[in-house]
Amino acid sequence: MARVQLRNIEKVYGGSVKAVHGINLDIEDGEFMVFVGPSGCAKSTTLRMIAGLEDITGGEVIIGGQRVNDLPPGKRSIAMVFQNYALYPHMKVRGNLAFGLKIAGKSKPEIETAINDVARILEIEPLLDRLPKQLSGGQAQRVALGRALIKKPSVFLFDEPLSNLDAKLRASMRVRITDLHRRLKAEGLSSTVIYVTHDQTEAMTMGDRICVMQAGHIMQVATPKELYNHPANLFVAGFIGSPEMNLIDGHLQGGQFVIGNQRLTLGDEVLSRLASQPADGVLGVRPQHLVLDPNGLKARLTNAEFMGHEVYLHADLEGQKIIAVIGTAEYEQLGRADMIGLRPLAEHMHIFDKSDGSNVSLDRHRLAA
Ligand code: ADP
Ligand code: MG
């Protein structure tokens, strides 16, 4: 069993810089958990405390039921893969894979079997007798994965392992890693993964659950679908999803959302979901959930980006920039319109309280179901 439990963990650097503010999180055995957030939010610091590469200022890290705060990295049954997958340059792939096992005093036949297993899983058999300089970026990263895998750890820790690869390779490595995780699980190997990235696409496509972080705090922990459909606050709403959710400032007044000189009547569907009606609010609606409607909010079209099967409309709504995604055919029907009408789909509207950023439009009944 390799459940990972973080109990109120804190990190203070140099006696004064508080980087992690009491994080509580349970990562289940076999789960693929992603830590995502902007640069500097303390993803790496948190991961390094789990790994044992960084002292824990406060709280407890528990791996497989055991408190590991005082255990060195080598005793935590973890393996880590970094962005800079420094392979030993003078050793062939085979030697790079064998290294950790040799240090651990494994026998030659044991090492041989382990190398063959890992090479088969990662499809790097033809590369075993090459030097790192004879590998492409993607191949080298697979060897780095192999070095982690061969240790048969209970927990894999990844810190932005794909950030140095080009976009195409990143996309294929994403699938390789999630496939690998699934296969290890199917073979009954405990393979809990904690994967750090700043890239919301990676987080959304890879994670069983995602922990969204900002400035050393957890903003929300949920499945990708849940984060996308029910962001708990403005930060998560703006961070998850591409193109970004429109976040439109306004005021709630008698069942209407007032944006400059325009009023949007919130129907019962929205009003019945509101936990409160903040005077200063933010209307959140994803670009896909704004539809063309002459009776909708009036916005001035400023730009249109043709994406193939859809078009991104950039518009100005009462001085606020918004984006709508519409079908190419619909766009062609618009002609040379300057002003357009856009209606947010009621069931996809969010209302946030501007004072604390919380989403006051989450349907608690539906969430509980
Ligand atoms: P992330 O991985 O999310 O980009 P980090 O965990 O690297 O963030 O950093 C979190 C915060 O801690 C940042 O403000 C960073 O400047 C600070 N920090 C990281 N490492 C150190 C260190 N060794 N000494 C002092 N401050 C640090
Ligand atoms: Mg980092």
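No lab work stands behind these numbers, since they all come straight from the coordinates. Everything numeric in this text was worked out from a predicted model, so none of it was measured. Every residue, glycine among them, receives a Cβ derived from its backbone with ideal geometry; neighbour counts consider all protein chains shown.
Packing here is the average count of other Cβ atoms within 10 Å per residue, and on that basis the peptides 264-271, 39-46, highest first, run 39-46, 264-271. Counting other Cβ atoms within 10 Å as a rough exposure proxy, the listed residues Glu310, Glu347 run Glu347, Glu310 from fewest neighbours to most.
Counting only helical runs of four or more DSSP H residues, what would the 222 nm mean residue ellipticity of the chain come to if each run contributes -39,500 (n - 2.57) and the total is spread over all its residues?
Values: 11 runs with 103 residues, N = 369.
So the calculated ellipticity at 222 nm is -8000 deg cm²/dmol.
In this structure, the amide hydrogen of Gly22, modeled 1.01 Å from its nitrogen in the peptide plane, lies closer than 5 angstrom to those of Glu10, Lys11, counting only residues at least 5 positions away or on a different chain. When both bridge partners sit in the chain, DSSP labels roughly 75% of those beta bridges antiparallel. Per residue, the average separation of C-alpha pairs within less than 8 Å and at least 6 apart gives the chain a relative contact order of 16 percent. Extension gain for the segment Leu169 to Met307, taken as residue separation times 0.36 nm less the Cα-Cα distance, is 47.5 nm to one decimal.
What do you get for GluC sites (Glu not before Pro) in the stretch 64-150 restricted to DSSP loop and a cutoff of at most 12 other Cβ within 10 Å of the site's Cβ?
Working: sites: Glu110, Glu112, Glu123; in loops: Glu123.
For GluC sites (Glu not before Pro) across the stretch 64-150 that sit outside H, G, I, E and B with at most 12 neighbouring Cβ atoms in 10 Å, the list reads Glu123.
Here each label is just a point 7 Å from Cα along the line to Cβ, and for Ser39 and His217 those points are 2.3 nm apart.
Taking θ as phi - 60° and the Karplus parameters 6.51, -1.76 and 1.60, the scalar couplings of the stretch 307-312 work out to 10, x, 7, 9, 10, 8 Hz in sequence order, x denoting glycine and proline. Pairs over the 32 Å Cα-Cα cut-off, from the set Lys18/Lys75; Lys168/Lys354; Lys18/Lys102; Lys92/Lys152: Lys168/Lys354; Lys18/Lys102. Ranked by how many other Cβ atoms sit within 10 Å of their own Cβ, fewest first, the residues Arg286, Arg7 fall in the order Arg7, Arg286. The ellipsoid equivalent to the alpha-carbon distribution of the chain has semi-axes of 46, 25, 16 angstrom, derived from the gyration tensor eigenvalues as √(5λ) and listed largest first. Tyr331 sits among other residues whose Cβ lies under 11 Å from its own Cβ, and their net charge, with Lys and Arg +1 and Asp and Glu -1, is -4. Estimated at 0.36 nm per residue, the fully extended path between Asn295 and Glu244 surpasses their Cα-Cα distance by 15.9 nm.
Note on the chain: GNM, Cα springs under 10 Å; of Asp29, Asp179, Asp353, the largest mean-square fluctuation is that of Asp179.
Of all lysines in the structure, those lying under 18 Å Cα to Cα from Lys11, and not within fewer than 8 positions of it along the same chain, are Lys43. The stretch 1-50 and the stretch 51-104 have Cα centres spaced 16 Å apart. A cut-off of 5 Å between modelled amide H atoms, ignoring neighbours fewer than 5 places along the same chain, links Gly296 with Leu342.
How much length would be gained if the chain were fully extended between Glu187 and Phe99, taking 0.36 nm per residue of separation minus their Cα-Cα distance, in nm to one decimal?
Working: separation 88, 0.36 × 88 = 31.68 nm, distance 2.46 nm.
The span from Glu187 to Phe99 would gain 29.2 nm if fully extended.
Listed from fewest to most Cβ neighbours within 10 Å, the set Glu54, Glu202 follows the order Glu54, Glu202.
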